[in-house]
Structures are given as structure tokens and as C-alpha cells.
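*Asks:* Mind having a look at this structure? Questions to follow.
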Amino acid sequence: MPPWREQLTVRGVVVSAILGVLFCLITHKLNLTVGIIPSLNVAAGLLAYFLVRTWTAALNMFGIVSKPFTKQENTVIQTCVVACYGLATSGGFGSYMLAMDQKTYELIGTNYPGNRAVDVKNPSLSWMIGFMFVVSFLGIFILVALRKVMVLNYKLTYPRGTATAMFINSVHTATGDELVEKQVSCLGKYLSGSFLWHCFKWFFSGVGDSCGFDNFPSLGLAAFKNTFYFDFSPTYIGCGLICPHIVNCSALLGAIISWGFLWPYISTKAGEWYPANLGSNDFKGLYGYKVFISVSLILGDGVYNLIKIIYASIKKIMKAHAEKGRLPLVWVQDGNAILLLYPVDLTTYHVFWLSSCFPFIIADDNISKLSVEEKLLNEVFLKDSIPLWLAGSCYVGLAAISTATVPMMFPQLKWYLVLIAYVFAPLLAFCNSYGTGLIDWNLASTYGKIGVFIFASWVGRHGGVIAGLAACGVMMPIVSTAGDLMHDFKTSYLTLSSPNSMFVSQLIGTSLGCVIAPLTFWIYWTSFDVGNPDGIFKAPYAIIFREMSIMGVEGCSVLPQHCLAICSFFFFAAIAIKLMQDVTPNSVSKFIPLPMAMGVPFYIGANFAIDMFVGTVILFVWERVNRKESEEFVGAVASGLICGDGIWSVPSAILSILRIDPPMCMYFKPSLTYG
């Protein structure tokens, strides 16, 4: 195992920057279309392996011998990439940051109660990059305190991080070379196919957003009007291959309930429940039902998980206090374990404090029961460590800087509100980290919506809309980082990578992301009609976040008739469904849908859910025909389909900037119109 400094290489940083650009483009594309971001950790590890192997092979052709490519370096690159593209999600480029702009303000309506022209702040590279640098690093220092608790003490699985570690360990073994070559070849084949397919589709997409395969009425024109159609998107098919079956099926179920039954029924109440002459994007009409019922489902799921995690954490702490006793401590030095018995009672808190301040100390109730492999994993994981006092000092220092600078960017958000956000952020970060370790679902967006509502209500009518959104921008990177990057610490634990190298790579990746994420977003912003509800890049969460902030200021009186009652029903229905998942046996609960996944198509539409369902059907059949092959290649296939679309975003943006329009428009009409 190389020392931690040798796990960080110049080629690793270069490869991380290249992949960071690609993955930020992919993330922005997904954020601005459907708002669902699949796990890309395995894809990052695979592409990192491919690029570094290509790098070393090219140098060998010129007689230049490169350093060996280790699994630790592969893990560090993957972590750096995840830290970089993670800011494309938590940075709010498709949600709270975009909710401040002029277009979102106009879409909601200039006469809409609480939607004021003064509560507008349009995107610009200067303030976005500055804001990213001010708020994005604090979450990393919280990870220093959480990683030992979550990985060693709670022994959380972190499925995404565990899967990534299994992949990296397999490709860096002598017996896995042939398999890796096949996986890389498979990824390249599907990446090329996805890229060429998008290129082919472009020729038929015409001018505007109503032409081409993206508007293909594959299930009939009547279904097409209710967004039920397959739009031949490799990206969402790839998402369906990666996401669990229950997620894809839940999204389709949500689409059927909303676009198949609920919205057609409410449409019949036009003129009774709401004015009949409203525009398609007026929150006083059908559009308001779509947005708030979607948010209610998502919030119900998030609130239940938050309460559940807080309850579980308090229960564990109380149990630790009740069962406090003489815990043996093990001092690992030069591979030898020396048992140190302390004549004092140590609570879990004391153990956490000791293991944080003295990284050579491992606490365990029965060290003799640990396997040799687990002892090695624990030793490496605790050998190099950032002291807890240093991490705490850095958090306090960065929080002080942010408290002073954020109000300069957003005068509506006073310094004491920023300080309060940083006081409560670690608690939410703990909850999110614990939750994602259990269910592999990052709930940072849900916590962000709750923060928007609370801070907007606190500030009130004079600046509450911008204050709520800015407060969300302060807290959400911290909470999201605690969920996403903890997976990488689990990966480092299982690949015997140094926590120090992981910590530094997260700092490097975050620094890259503070620049790359705004720049790649700016490509979309200047090249496409971002935020157009009738276009491809709808940015659905921008309107949801702004409306949540307005609702926090104005209250529920702005909603159309019966909207609050229906929202309450779906909110408590989401909680009831989550409760059913917990109280029923696993053989039953695995078939119960996920409210959060159901809520997304309520607002976005059914077409993406159909694409993802096609992906899950392909995977289901593949698993039945050849399970071993599906397990080995599904990640490569999905990564290739998604990355091909991400690469196409670059030439597509260039064509748009140069005002080069597609030569044809493929459009469908009922045959009766030609009679």
C-alpha cells in the first residue's frame, strides 16, 4: 500500500478535471430536465481506470515508464470526480439558485401574491463562483467527525460506496484484467452508440421544442397530450439500468396516478375550483396543483425519514449511556495490536472523542472477534487522520468567513441567519449521512425545501423570498456533501485507501467543482432556453423552490381551491406508505413504492418515467437470462448510455451558440387533419 501522498498524483488531478467537466455536463442536463440524478460513482471509477490506463499505455509507446496505477489512486480520482460534480447538484443550478432569476419570476406571474420584482437575482459567473467557494467547503470538515462514527461504529453499508469499492478491487486484481477489458470495450461501444444516436436525432429536431424523436407519440396522440410517450432517450434508459427496480416502478406509478387520473380529473373542474382562462403555468390553476402536490409527496417522504433517523440516533445514544462500561482500547503500532485496559467507564461519546483526537486508538467491545481482514481495514482507516480539533477549527473559521460574506451577496439574508444555518447544518448533515448509509438516497433537496420555507417565513415579506433561497444555498452543500462523500469514505475503507488522501482529494475536487460547475452551467444558460416550461430544459425544481419560498412568506391563501386539502392527503399518504415499508416484512416491503420517486413525475411528466421503466425492464430480463453477465456489464452499459449524452452536450451547445439549426422538423398530426 503506497503512502497517502503517493496516492495523490498529477495525472490523477488532470483525469479528475476531465471527468469533472463531463460529469458536470451530465448532471446539469439531468437537473434541468427531470431533476433526478442517478449514482455515477461506479461510472467515475470505471472511466478513471480507462483514462489512466490509456494515459500509461500512450506513454509506454514513447518509452516513458509510468508509476503503477493502484486501486488507491483509482479511489482518490473517483472521489475527486464525485466531489466536483456533486456541486453541480448541491450548488442549486437547477433549483434554488435558478429560482432567483427573472425568467422564473415571470413564469410564476408578475401579479402573483408575494412574487415581487425586487426579489430577483440573475445568474452571473462572478457571484456564482464566489458563492460556491464561500459555502462549499464546510461540509468536508463535518465528514472528519462523521466518518469514524458512520463507518466503524454504526457500520453502515453505504451501498453505492460499497459497490464502487467492489468494482475497484476487482479491476485491480491480476485475474480481473480480461473482464476489465471487456467492460471498457462495452462502455466505449455504448458511449459511441449513444453519441451517434443523439447526433442522428438532432437532424430531425427542427427549430423550437416540438419536433424530433423527443416528441415522438409512440403510444398515440391522446397519450402524448398527457406526456405518455417513449422519447428514445439513452440517458434515462441508462438511469433505469442503474436505479433500483422499485425506484423506476415507483416513478411510473406516480406518472399513472397523476397524469393518468388526477390531472385529467382536476382539469374537468376548471371554472369551478379555479378560473378557466388561466395560462398553463399559472399557479392559481392546474399548474399550482402539479407543483404543490409533487412537493407534498417529496416532503412527506423526507420528513418521515428525518424523524426516523433522529429517533434511531437518540435511541442508540441512550442505549450507549445505559450500557456504558469498561471498553477495551487497542493501540495498533507497526502492525501489532497492544491491548490497553482503562479503569474508567467510557461512554460512546468518550470513545468517539478519543478515537478522533488519537487516530491510533481503536475502540471495540470484543476485539478478538474481529477478523484479520477487518483489523487491517480498521488500522489503515485510522492510521492517517485529520485531528477533530483541527476540523472543528476549520469549520468555525470558514463559517465565520461565510457569515461575513454571504450577506454582501444577498443583503436580504442577515448575518445572524447565516450563523443559525451553520449551527443547525451539522445536525442535518448527520441525519442525511445516516439516512443515505441505510437507504442510499440523498435527501439534501428535501432538507433544503424545509430550510427555504422556514427562513422565508422568518424574514417575511420584505426580502423573504431571496433570503429563503439563499439560506438553502448555505445549508444544502453541507447536507449533500455529508451524504455523497461519505460513500467515498466507505469506498476508501474497503480499498485500503488513506483517509488523508481522500480528504485532500475531496478538497481538490471541491475546488475544481467551484469553477467547473458554474462554467458548465453557463454553457447551458447561454446556449439553450433554460427554464422554458414548454422546452427541453424546463428546470422544474426552480419554480418549485421559488414557490416554496413565496408560500413561506405569504402562507397557504395563494393556493387554488382544495389544493391544500389534496396536498395534506398526499403528504400523510407518503408518511403512511413509509410506515408500511418499516412495519411489513422485507418480502412485502420491497414491493411498496417510494413516495419520493412517485412525486417527481407529478410535476415533470410521464415520459421520463417510461424511459426509465424501459431500462428496468431490460435489466429485469437480462438478470433472468444471464445474471452474472448483467452484474458485470450493466454499469458499463448504463455509464456508456449516459456519458454519450453528456459528451453530445458539448457539440450541441456549440451548434446552438453558432445559430446552426437542424435541417428538418419531424412532427406528427392526426391523420384527419389531412382529409
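*Asks:* Only helices (runs of 4 or more DSSP H) wholly contained in the range 105-198 count here; list those with 2 or more residues that are modelled with pLDDT of 85 or more, within 30 Å of Tyr493 (Cβ to Cβ) and in contact with a helix residue (DSSP H, G or I) (Cβ under 9 Å, 6 or more places away or on another chain).
*Replies:* On the way: elements: 125-135, 138-148, 159-171.
Of the helices (runs of 4 or more DSSP H) lying wholly inside the range 105-198, those with at least 2 residues that are modelled with pLDDT of 85 or more, within 30 Å of Tyr493 (Cβ to Cβ) and in contact with a helix residue (DSSP H, G or I) (Cβ under 9 Å, 6 or more places away or on another chain) span 125-135, 138-148.
*Asks:* Tell me whether the range 91-102 contains one or more residues that are surrounded by fewer than 24 Cβ atoms within 10 Å (Cβ to Cβ) and within 30 Å of Met551 (Cα to Cα). Give the steps one after another, and end with the answer.
*Replies:* In the first step, residues of the range 91-102 are kept if they are surrounded by fewer than 24 Cβ atoms within 10 Å (Cβ to Cβ); the result is 101-102.
Still in the running and within 30 Å of Met551 (Cα to Cα): 101-102.
Yes; the residues of the range 91-102 include at least one that is surrounded by fewer than 24 Cβ atoms within 10 Å (Cβ to Cβ) and within 30 Å of Met551 (Cα to Cα).
*Asks:* Looking at this structure, is Gly464 open to solvent by less than 20 Å² (accessible area, probe 1.4 Å), in contact (Cβ under 8 Å) with a residue 12 or more places away in the chain, closer than 30 Å to Val380 by Cβ and not charged (D, E, K, R)? Can you show your working first?
*Replies:* Details: open to solvent by less than 20 Å² (accessible area, probe 1.4 Å): yes; in contact (Cβ under 8 Å) with a residue 12 or more places away in the chain: yes; closer than 30 Å to Val380 by Cβ: no; not charged (D, E, K, R): yes.
Criteria not met by Gly464.
*Asks:* Among (1) over 22 Å from Tyr236 (Cβ atoms); (2) open to solvent by 60 Å² or more (accessible area, probe 1.4 Å); (3) of a type in the set (Val, Ile, Thr); (4) touching a helix residue (DSSP H, G or I) at 6+ places or on another chain (Cβ under 9 Å), where does Val617 come up short?
*Replies:* For Val617, the failing item is (1).
*Asks:* Still on this model: Please find, among Gly212, Gly206, the residue that is at pLDDT 80 or above, in contact with a strand residue (DSSP E or B) (Cβ under 6 Å, 6 or more places away or on another chain) and at positive phi. Walk me through how you get there before you give the answer.
*Replies:* Working: Gly206 fails: at pLDDT 80 or above.
It is Gly212.
*Asks:* Scan the range 287-312 residue by residue and report those that are open to solvent by 40 Å² or more (accessible area, probe 1.4 Å), over 18 Å from Ala576 (Cβ atoms) and modelled with pLDDT of 75 or more. Let's see the steps before the verdict.
*Replies:* Within the range 287-312, the subset open to solvent by 40 Å² or more (accessible area, probe 1.4 Å) is 307-308, 310-311.
Within this subset, residues satisfying the condition of being over 18 Å from Ala576 (Cβ atoms) are 310.
Of everything in the range 287-312, nothing turns out to be open to solvent by 40 Å² or more (accessible area, probe 1.4 Å), over 18 Å from Ala576 (Cβ atoms) and modelled with pLDDT of 75 or more.
*Asks:* So Gly615 passes all but one of these: (1) within 21 Å of Leu40 (Cα to Cα); (2) modelled with pLDDT under 85. Which condition number does it fail?
*Replies:* Of the numbered conditions (1) within 21 Å of Leu40 (Cα to Cα); (2) modelled with pLDDT under 85, the odd one out for Gly615 is (2).
*Asks:* Could you please tell me which pairs satisfy a Cβ distance under 7 Å, a separation of 6+ or placement on different chains, a first residue in the range 407-425 that is over 13 Å from Val135 (Cβ atoms) and in contact (Cβ under 8 Å) with a residue 40 or more places away in the chain, and a second residue that is open to solvent by less than 50 Å² (accessible area, probe 1.4 Å) and in a loop (DSSP other than H, G, I, E, B)?
*Replies:* So the pair list comes out as Gln412/Gly463.
*Asks:* Exactly one condition in (1) in a helix (DSSP H, G or I); (2) buried (at least 24 other Cβ atoms within 10 Å of the Cβ) is not met by Ile450; state its number.
*Replies:* With (1) in a helix (DSSP H, G or I); (2) buried (at least 24 other Cβ atoms within 10 Å of the Cβ) applied to Ile450, the lone miss is (2).
*Asks:* Which of the residues that make up the range 582-592 are open to solvent by less than 30 Å² (accessible area, probe 1.4 Å) and either modelled with pLDDT of 85 or more or part of a loop (DSSP other than H, G, I, E, B) (or both)? I'd like the intermediate steps shown before the answer.
*Replies:* Within the range 582-592, the first condition is being open to solvent by less than 30 Å² (accessible area, probe 1.4 Å), and the residues that meet it are 589, 592.
Passing the criteria: only Ile592.
*Asks:* Then there is this: Could you please find all residues in the range 518-540 being open to solvent by less than 30 Å² (accessible area, probe 1.4 Å) and under 18 Å from Ser294 (Cβ atoms)? Outline the logic, then answer.
*Replies:* First, pick out the residues of the range 518-540 that are open to solvent by less than 30 Å² (accessible area, probe 1.4 Å): 518, 520-521, 524, 527, 530-531, 533, 535, 537, 539-540.
Matches in the range 518-540: Gly531, Pro533, Ala539, Pro540.
*Asks:* Residues that are farther than 23 Å from Gln72 by Cα and at pLDDT below 95: which helices (runs of 4 or more DSSP H) entirely in the range 353-444 hold 1 or more of them?
*Replies:* On the way: elements: 372-383, 388-409, 415-439.
Here the list reads 388-409, 415-439.
Table: residues versus (1) assigned to a helix (DSSP H, G or I); (2) within 19 Å of Cys643 (Cα to Cα).
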position: Phe200; (1), (2): yes, yes
position: Ser218; (1), (2): no, no
position: Phe232; (1), (2): no, yes
position: Asn248; (1), (2): yes, no
position: Leu252; (1), (2): yes, no
position: Ile256; (1), (2): yes, no
position: Ile266; (1), (2): yes, no
position: Tyr289; (1), (2): yes, no
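*Asks:* In the list Lys103, Lys71, which residue meets the criterion of being closer than 30 Å to Gly254 by Cα, in contact (Cβ under 8 Å) with a residue 60 or more places away in the chain and among the charged types (D, E, K, R)?
*Replies:* Working: Lys71 fails: closer than 30 Å to Gly254 by Cα.
Of Lys103, Lys71, the one residue that is closer than 30 Å to Gly254 by Cα, in contact (Cβ under 8 Å) with a residue 60 or more places away in the chain and among the charged types (D, E, K, R) is Lys103.
*Asks:* Being closer than 20 Å to Ser185 by Cα and either open to solvent by 20 Å² or more (accessible area, probe 1.4 Å) or out of contact with any Gly (no Cβ under 9 Å at 6 or more places or on another chain) (or both) is the filter here; which residues of the range 52-70 pass it? Working first, answer last.
*Replies:* Keep residues of the range 52-70 that are closer than 20 Å to Ser185 by Cα, which gives 52-58, 69.
Across the range 52-70, the qualifying residues are Arg53, Thr54, Trp55, Thr56, Ala57, Ala58, Phe69.
*Asks:* Out of Asn31, Asn60, Asn74, report the one residue that is under 20 Å from Phe195 (Cα atoms) and among the polar types (S, T, N, Q). Write out each step before concluding.
*Replies:* Working: Asn60 fails: under 20 Å from Phe195 (Cα atoms); Asn74 fails: under 20 Å from Phe195 (Cα atoms).
Selected residue: Asn31, the only one of Asn31, Asn60, Asn74 that is under 20 Å from Phe195 (Cα atoms) and among the polar types (S, T, N, Q).
*Asks:* Tell me which residues, restricted to the range 237-265, are open to solvent by less than 20 Å² (accessible area, probe 1.4 Å), more than 16 Å from Leu594 (Cα to Cα) and either in contact with a Leu (Cβ under 6 Å, 6 or more places away or on another chain) or touching a residue at least 40 places away in the same chain (Cβ under 8 Å) (or both). Lay out the reasoning, then the answer.
*Replies:* Looking only at the range 237-265, we keep the residues that are open to solvent by less than 20 Å² (accessible area, probe 1.4 Å), and these are 238-241, 243, 247-248, 250-251, 254-255, 258, 263.
With more than 16 Å from Leu594 (Cα to Cα) added as a condition, the list becomes 238-239, 241, 263.
Residues satisfying the conditions are Gly238, Cys239, Leu241.
*Asks:* Does Tyr49 qualify as being at pLDDT below 90, open to solvent by 10 Å² or more (accessible area, probe 1.4 Å) and part of a helix (DSSP H, G or I)?
*Replies:* Values: at pLDDT below 90: yes; open to solvent by 10 Å² or more (accessible area, probe 1.4 Å): yes; part of a helix (DSSP H, G or I): yes.
Yes; evaluated as a whole, the condition is true for this residue.
*Asks:* Given (1) open to solvent by 30 Å² or more (accessible area, probe 1.4 Å); (2) more than 22 Å from the chain's Cα centre (by Cα), identify the lone condition not met by Phe133.
*Replies:* Failing condition for Phe133: (2).
*Asks:* Continuing with this model, one more query. Restricting the range 202-216 to residues that are touching a helix residue (DSSP H, G or I) at 6+ places or on another chain (Cβ under 9 Å) and assigned to a loop (DSSP other than H, G, I, E, B), which is surrounded by the most Cβ atoms within 10 Å (Cβ to Cβ)? Write out each step before concluding.
*Replies:* From the range 202-216, those touching a helix residue (DSSP H, G or I) at 6+ places or on another chain (Cβ under 9 Å) are 202, 204-205, 209, 212-216; that's our starting set.
Keeping just the survivors that are assigned to a loop (DSSP other than H, G, I, E, B) gives 204, 209, 212, 216.
Values: Phe204: 17, Asp209: 17, Gly212: 22, Phe216: 17.
Among residues in the range 202-216 that are touching a helix residue (DSSP H, G or I) at 6+ places or on another chain (Cβ under 9 Å) and assigned to a loop (DSSP other than H, G, I, E, B), the one surrounded by the most Cβ atoms within 10 Å (Cβ to Cβ) is Gly212.
The values are calculated or read from the model by the stated rules, or taken from the named source; none is laboratory data. Since this is a predicted model, take the numbers as computed values, not measurements. Positions of Cβ are backbone-derived with ideal geometry, glycine not excepted, and every protein chain shown enters the neighbour counts. To get the accessible areas, we keep the full protein, side chains included, count just its heavy atoms, and leave off ligands, DNA and RNA. Shrake-Rupley method; radii C 1.70, N 1.55, O 1.52, S 1.80 Å.
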